[in-house]
Amino acid sequence: MTGHAPDRGLGNGRRAGSTASRETHRPATEPSPRPDPAAVRAALATVRDPELDEPVTDLGFVAEIRVEGGEVSIRLRLPTYFCAPNFAYLMVADAYDVVSALPGVERVAVRLEDHFAASEINAGVAAGQGFAAAFPALADGELAQVRRVFLRKAFLAATERVCAGVLRDGLSPDALAGLRLGDVLPSPDLDRLRRRRAELGLPDDPDARLLVDTDGRPLHRDEAAAHLRFARVTRVGVDANTALCRTLITTRYAPPGPRTGRTTRQVGGPA
């Protein structure tokens, strides 16, 4: 999402419409800072695809950021027309929430495009209905549990990446059971692991055991190898899906002629 709150995107206060939007009224005497596209993009970088555990900005899902005074408009797109609507709903709702929280933002409009359920998702997020109300004939409930399932997968994949680096240094899998987070050299993979653990409510301090299950139980030496095999399968699946989605969105939205590598348009700036 940097992480997703358990119920983010399912809150209240949104008005009905085809895009998610909100107005914020401030006292006349209060200074009115204005957001800029860089600040909006930084906020969107905290929104993750729940299945891929990657920022929507890095995945190319943000098609346009437009800032005009205190009004922000965002266009989102996905790799295929049939991407899962529950994941799409979470990303649209999360984008709305993080941009709405920026100083100086008075109105936010988030629009998902080129998706079979775009109208339902956009209207549902705008109205603050929640996923079940947006899809009354299809949804079994809200998405907190779905979010947590994929957060656990992200935690397992992050664990495997960190442990793979440690194993390359010569340790055996069962020796990992005795390590603590503070025993591992700093790295972006370790930072990601600690963030995912914190989001799950698992200990992430230097004294916390490196190998724990998804409930936070420290694993014994004889459990380490099996746990790492499962974590590796999870990580390979996440990485494969991520690579596929990157390829699909690049192909779907490739501009005619030579590719420039730029897929997001930003408009506007401080008023």
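The values are calculated or read from the model by the stated rules, or taken from the named source; none is laboratory data. No experiment lies behind these values; they were computed from the predicted model shown. Cβ atoms come from the backbone with ideal geometry, glycine included; neighbour counts cover every protein chain shown. When the accessible area is computed, the model is the full protein with side chains, heavy atoms only, and any ligands, DNA or RNA have been set aside. Shrake-Rupley method; radii C 1.70, N 1.55, O 1.52, S 1.80 Å.
The rows are residues; the columns are (1) over 21 Å from L193 (Cα atoms); (2) of a type in the set (A, V, I, L, M); (3) in contact with a Pro (Cβ under 9 Å, 6 or more places away or on another chain).
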residue: V56; (1), (2), (3): no, yes, no
residue: L76; (1), (2), (3): yes, yes, no
residue: T80; (1), (2), (3): yes, no, no
residue: P85; (1), (2), (3): yes, no, no
Review point. Which one of the conditions (1) surrounded by 15 or more Cβ atoms within 10 Å (Cβ to Cβ); (2) of a type in the set (S, T, N, Q); (3) at pLDDT below 95; (4) assigned to a helix (DSSP H, G or I) does Q145 fail to meet, given that it meets all the rest?
Key: (1)
Exercise for review: Say whether the condition of being among the small types (G, A, S), touching a Phe, Trp or Tyr at 6+ places or on another chain (Cβ under 7 Å) and at pLDDT below 95 is met by at least one residue in the range 178-189.
Suggested key: no
Exercise for review: Name every residue in the range 164-177 that is part of a helix (DSSP H, G or I) and more than 20 Å from D215 (Cβ to Cβ), in order of residue number.
Suggested key: A164, G165, V166, L167, R168, P173, D174, A175
Check your understanding: For the subset of the range 184-211 comprising residues that are aliphatic (A, V, I, L, M) and within 12 Å of R152 (Cα to Cα), which member is most open to solvent (accessible area, probe 1.4 Å)?
Key -> A198
Review point. Within the range 102-113, can one find any residue that is out of contact with any helix residue (DSSP H, G or I) (no Cβ under 8 Å at 6 or more places or on another chain) and open to solvent by less than 10 Å² (accessible area, probe 1.4 Å)?
Key: yes
Check your understanding: From the set of residues in the range 168-177 that are surrounded by fewer than 23 Cβ atoms within 10 Å (Cβ to Cβ) and touching a helix residue (DSSP H, G or I) at 6+ places or on another chain (Cβ under 7 Å), which is modelled with the highest pLDDT?
Key -> A177
Exercise for review: Would you tally the residues in the range 71-87 being outside any helix (DSSP H, G or I) and within 21 Å of A45 (Cβ to Cβ)?
Suggested key: 10
Point to revise | the range 86-110, residues that are in contact with a Phe, Trp or Tyr (Cβ under 9 Å, 6 or more places away or on another chain) and closer than 16 Å to A144 by Cβ | key: N86, F87, Y89, L90, M91, A93
**Study point:** Candidate set: the range 64-106, residues that are over 15 Å from G128 (Cα atoms) and among the charged types (D, E, K, R); chosen: the one farthest from the chain's Cα centre (by Cα)
**Key:** E68
**Study point:** Close pairs from the range 70-99: first closer than 17 Å to E120 by Cβ and open to solvent by less than 10 Å² (accessible area, probe 1.4 Å), partner assigned to a helix (DSSP H, G or I) and of a type in the set (D, E, K, R), Cβ under 8 Å, at least 6 apart
**Key:** L90/R147
Exercise for review: State yes or no: is A225 farther than 30 Å from P85 by Cα, part of a helix (DSSP H, G or I), of a type in the set (G, A, S) and open to solvent by less than 50 Å² (accessible area, probe 1.4 Å)?
Suggested key: yes
